[in-house]
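The values are calculated or read from the model by the stated rules, or taken from the named source; none is laboratory data. Since the structure is predicted, the reported quantities are computational estimates derived from the model, not experimental observations. No Cβ is skipped: glycine too gets one built from the backbone with ideal geometry, and neighbour counts run over all protein chains shown.
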Amino acid sequence: MTTTVAPNRIHIKVGDKCEVLDLYPGCTHEDVRAILCSAADMVDADKDSLIKLTKPDGTIVPVSPFLPGNTDKEPYTLQVQYRSRGSPNGAGGGGGGAASPTKIGYLEAKLNDISKALEPLREMQSFREQIVSFQKRLESAEKQISMANLPETKVIPKAIKRISKIDPIFAHQPKYVFTDETVAYLKQPSFNNWQWEENEMTALMEHMFTELGLVDKFKMELPTLKRFLCVVKDNYNHNPFHNFRHCFCVTQMFYGMLHEADLVSKLEPIDLLVGLISCIIHDIDHPGFNNAYQVNAKTELAIIYNDQSPLENHHCAVGFTILRNNDCNIFKNLSDKDYEHVRKGIIRCVLSTDLTKHGEIMTKFKAVSENFNFADVEHKAQLLVMMVKCADISNEARPADVAEPWLDCLLEEYFAQSDREKAEGLPVAPFMDRDKVTKPGAQVGFIQFVMIPLFENLARVLPQLEGNVLPQIRKSLAYYQDLQQKMTGK
Ligand SMILES: [Zn+2]
């Protein structure tokens, strides 16, 4: 009887191919290794080569003649490696040489596997880079938003404003025709400025030049005068107080005082020209923040003018920049001597509107007023300085219904400044602080100690001011004193 012994059937996987091996009883360890190497196409593997068999669950199976049989569903994975040459197989490796095409293929496949394995990492890296980039953009956006929320800081227009192109259309605008009543009213210090639009105010100013005889005397071309006034208007900022309407009020008060005190006959036309132009340009391009702010905040204007009346210097510079433009140059027919006189006089008047110069100007004028002489050039220059100063602070010389809205405008501008000073950690003047100021409190001291002494000083030379102007100022003082008493009970 012949007994047949069934072989032990082994299923293995080498690379991506499957092999079936039959191990017969009696085969040796070497036989098994040889068979496995053969399955891996590595017939030249020697005894030092590593042969590794693993179950699908990763368990290593010892290579021996007693390998447990398995099924094709759960094949062992075979890997053969030349120990001495250090080259793994798994996908086989026929020639055993380091650069054999099979090995290169294997290496490429392995690199692909590694590359694939790294794919999520790469994606993660890219994702991380995107996050960093997004964070940067977010930070930048937050910075911009926080900057936008800050009050506009230290943004002062260029010291010398560029003059916008002058439209020749101004020259053909219809001339406003004012009634006799309006023309007469314009000469009065009680004139109500609130009834007029900006273009009407420029036309009223143009009328003043004509009425005072300046257009004829200095051979001004009307289109040039119109353009000059329009460009001036456009270069006043829309501040609550220091705006074109304030410019008009100051000019009109100066004009009113000329008539009130009958100065048209006592002064030369060139003096009238100095005074009128000084008033017109005296606050041009005012930024809405006073000299103290300019200096404390170290603004461009403070730097340019070395902290010396930066605003007043700026107003002068802007005014003369406009006048230098041929289309606006109402001085173009003046002789060099007259131009020099006018320029000097205007600069003096405009710089004198800096209230820190108040005491010095008052003292000088008091001395001059003792023996004032209308033929004396220096006396007249000082008179013009005083008149422009008075006109500049003359709101309370007008009826209460005209004057009071100006106080609200002034306080609005002051409070905007003090709010910004607080935000920027700069010194705050108590008279500008919304937490400390009351309307009567603001006016009583100012009218009593600045305005009345100033107008009284001027009235030493122009006694006509005692007729209408000073009584109105004293009435305003009484009104605010009464209001203060009611508010404080004192
Ligand atoms: Zn002013």
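Mind counting the residues in region 322-342 that are touching a helix residue (DSSP H, G or I) at 6+ places or on another chain (Cβ under 8 Å) and over 22 Å from residue 234 (Cα atoms)? Result for region 322-342: 4. Residues in region 343-360 that are surrounded by fewer than 19 Cβ atoms within 10 Å (Cβ to Cβ) and closer than 18 Å to residue 456 by Cα: 355, 357, 358, 359, 360. Of the residues 246, 282, the single one that is in contact (Cβ under 8 Å) with a residue 12 or more places away in the chain, buried (at least 24 other Cβ atoms within 10 Å of the Cβ) and within 15 Å of the ligand (Cβ to nearest atom) is 282.
I'd like the residue in region 353-386 that is without any contact (Cβ under 8 Å) to a residue 60 or more places away in the chain and of a type in the set (D, E, K, R) and, out of all such residues, is farthest from the ligand (Cβ to nearest atom). Across region 353-386, the extreme among qualifying residues is 370. For region 362-369, the count of residues that are aromatic (Phe, Trp, Tyr) and either more than 18 Å from residue 258 (Cβ to Cβ) or not in a helix (DSSP H, G or I) (or both) is zero.
Please find, among 263, 276, the residue that is more than 16 Å from the ligand (Cβ to nearest atom) and modelled with pLDDT of 95 or more.
Details: 276 fails: more than 16 Å from the ligand (Cβ to nearest atom).
Answer to the selection: 263.
When 296, 291, 237 are screened for being touching a residue at least 40 places away in the same chain (Cβ under 8 Å), within 13 Å of the ligand (Cβ to nearest atom) and surrounded by fewer than 19 Cβ atoms within 10 Å (Cβ to Cβ), only 237 passes.
Here residue 190 meets each of (1) closer than 26 Å to residue 337 by Cα; (2) over 39 Å from the mean Cα position of the chain (by Cα) with one exception, condition (1). For region 302-342, the set of residues classified as within 18 Å of residue 288 (Cβ to Cβ), among the polar types (S, T, N, Q) and either in contact with a Phe, Trp or Tyr (Cβ under 6 Å, 6 or more places away or on another chain) or part of a helix (DSSP H, G or I) (or both) consists of 313 only. Residue check: is residue 477 more than 20 Å from residue 366 (Cα to Cα) and assigned by TED's automatic domain parsing to the domain that holds residue 258? Considered against the rule, which asks whether it is more than 20 Å from residue 366 (Cα to Cα) and assigned by TED's automatic domain parsing to the domain that holds residue 258, residue 477 comes out as yes.
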